[in-house]
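Worksheet for the structure shown next.
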Amino acid sequence: MSNSDNSSELNEAISHNVYFEGKVQSLGLKTLKGKATVGVMKKGTYTFSASSPEEMIVISGTMHVQLPGESYKEYKEQENFHVAAGTSFEVICNDDVAYICYYGYR
């Protein structure tokens, strides 16, 4: 990995998001699928609001997710779920979890 600055690349800082007193943190990036974040959730229960459609993929660990109008469902490594724009959802992590979230998925 090089430490050089390539002027042909966008010189854009990586966004760092911190939620729930530091127990949920993510880094923003642009992918071929569009805007995304890669993050970590510590053990705990969290409520998130989605302003745009989201696709969440579990990278490591297990999430128990309650989408609007549904009961809790378990999602393990490599499993995904979709969240509609303008909704909130609950997440329970019994251990640390890593994830990637794509925004505005199609």
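For the reader, a short list of remarks on this structure follows.
- Residue in region 3-19 that is modelled with pLDDT of 95 or more, assigned to a strand (DSSP E or B) and either surrounded by 15 or more Cβ atoms within 10 Å (Cβ to Cβ) or of a type in the set (Asp, Glu) (or both) present: no
One line per residue, one yes/no per condition, for (1) at pLDDT below 95; (2) part of a strand (DSSP E or B); (3) at positive phi; (4) among the aliphatic types (A, V, I, L, M):
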residue	(1), (2), (3), (4)
Gly69	no, no, yes, no
His82	no, yes, no, no
Ala85	no, no, no, yes
Asp95	no, no, no, no
Cys101	no, yes, no, no
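- Filtered residue count, region 25-63, keeping only those that are over 12 Å from the mean Cα position of the chain (by Cα), of a type in the set (D, E, K, R) and either loosely packed, with under 13 Cβ neighbours inside 10 Å or in a strand (DSSP E or B) (or both): 2
The values are calculated or read from the model by the stated rules, or taken from the named source; none is laboratory data. Remember, predicted model here, so these are calculated numbers, not experimental data. Glycine also receives a Cβ, built like all others from the backbone with ideal geometry; neighbour counts cover every protein chain displayed.
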